[in-house]
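A.B. asks: Dropping a structure here in structure tokens format, bear with me for questions.
Rule-based calculations on the coordinates, nothing more; no lab input. This structure is a prediction, so every number in the text was calculated from the model and none was measured. Quick reminder, even Gly has a Cβ in these numbers, built from the backbone with ideal geometry, and neighbours come from all protein chains shown.
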Amino acid sequence: MYHLPFIVAGVALRAACKHMQDKDRKKRAGTTTELRWTGSITVKRPLPSVCTSIGDYLLVRGFSLHNRRGGMQFYRRGDLSISRLPCQRDVQWAEIPVLLGVGFSKHKGVAVVSMSMSGWPSTKFDVSVADFFAEHAEMELVGAVEFLNRGMETPRSEPPPSPRRDTSHDNDLTLLGLTSSFSWEQLQSAYRSACRKYHPDRLVGVEPDVVKLAERHFTQITGAYQRLRKRVPQPQAS
């Protein structure tokens, strides 16, 4: 009997805390904010080729050129009919209406790519979307770095190509991200990974020019795979 008042008080305290948490959650859910993320990368490659590669990457990712202003290129992506997020339906990252600004410069012989992503101006974003937006915006920059490395970087362990070197073989290795000492298992793994990223069947609902770019790149990858599989011994069936 002596403990009853304390038990009741404890229940009342927990109920009050839960009420405050629910109230705070509802308050945050009804608050809108401006979403903005910025990042940059440096690439030791000629600036024109970096510009072209970044443009190709953004097309593959479903971005379309919006306009050019002040030395910046602005791309847009997503469902521009969405007036507020969260909305009444589930929305994938690629559907969120965003505006991406990309700038290119050169510093001490190194190409610098700057990116600034923000929510589409006419869309209202709840505070609850901010963390999700920042995390996925950063992944777009990480993806650009990986794209540049796959398409442009020469493995450090290999010397620069000589005039007599089989450059077509080098291109095949670069397309699949392999070195000259690759194994059968590494080849299969690299090809499966490339299929998951670039197979046209995975680009359902995107713009036709993006699908064409993916088809062309996937054809190159498949050709490289067919040529490389003839150069490495296959494991014997046990």
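A.B. asks: Search the structure for amide H atoms under 5 Å from the amide H of residue 79, placed 1.01 Å from N in the peptide plane, and list their residues when 5 or more places away or on another chain.
C.D. replies: 96
A.B. asks: Taking 30 Å as R0, compute the FRET efficiency from the Cβ-Cβ separation of residue 180 and residue 138 and round it to 0.05.
C.D. replies: 0.35
A.B. asks: Rounded to whole Hz and in sequence order, give me ³J(HN,Hα) for the range 127-138 from the Karplus expression 6.51 cos²θ - 1.76 cosθ + 1.60, θ = phi - 60°, writing x for Gly and Pro.
C.D. replies: So the J values, rounded to whole Hz, are 4, 5, 8, 4, 5, 4, 5, 4, 5, 6, 5, 5.
A.B. asks: How charged is the neighbourhood of residue 92? Take every other residue with its Cβ under 15 Å from the Cβ of residue 92, and add Lys/Arg as +1 and Asp/Glu as -1.
C.D. replies: -1
A.B. asks: Select from the range 169-200 those chymotrypsin sites (Phe, Trp or Tyr not before Pro) which occupy a DSSP coil region and have at most 10 other Cβ atoms within 10 Å, ordered by residue number.
C.D. replies: Taking the range 169-200 and a limit of 10 other Cβ atoms within 10 Å, no loop chymotrypsin sites (Phe, Trp or Tyr not before Pro) are found.
A.B. asks: Could I ask something else about it? State the extension gain, in nm to one decimal, for the chain segment bounded by residue 49 and residue 110, taking 0.36 nm per residue of separation less the distance between their alpha-carbons.
C.D. replies: Details: separation 61, 0.36 × 61 = 21.96 nm, distance 1.23 nm.
Gain in length upon complete extension: 20.7 nm.
A.B. asks: To continue, here is another question. Give a residue-ordered list of calculated ³J(HN,Hα) values for the range 182-188 (Karplus: 6.51 cos²θ - 1.76 cosθ + 1.60, θ = phi - 60°; whole Hz; x for Gly, Pro).
C.D. replies: 5, 9, 4, 5, 5, 5, 5
A.B. asks: Something else about it: I need the trypsin sites (Lys or Arg not before Pro) found in the range 75-124, filtered to DSSP loop residues with at most 16 other beta carbons within 10 Å of theirs.
C.D. replies: When the trypsin sites (Lys or Arg not before Pro) of the range 75-124 are filtered for loop state and at most 16 Cβ neighbours within 10 Å, 89, 108 remain.
A.B. asks: How high is the relative contact order of the range 32-152, given as a whole-number percent (alpha carbon pairs under 8 Å, six or more residues apart)?
C.D. replies: 37
A.B. asks: Still on this model: With only Lys, Arg, Asp and Glu charged, each at its Cβ (+1 for the first two, -1 for the last two), find how big the charge dipole of the range 32-152 is about the Cα centre; round to the nearest 20 debye. Mind dumping the intermediate values first?
C.D. replies: Values: 14 positive and 11 negative charges, 129 e Å.
Charge dipole of the range 32-152: 620 debye, to the nearest 20.
A.B. asks: Right, here's the next one. Once you put a point 7 Å from the Cα of residue 64 and another 7 Å from the Cα of residue 76, both along the Cβ direction, what distance in nm separates them?
C.D. replies: 0.9
A.B. asks: Between residue 219 and residue 90, what is the spin-label point distance in nm, taking each point 7 Å from the Cα along the Cα→C-beta axis?
C.D. replies: 3.5
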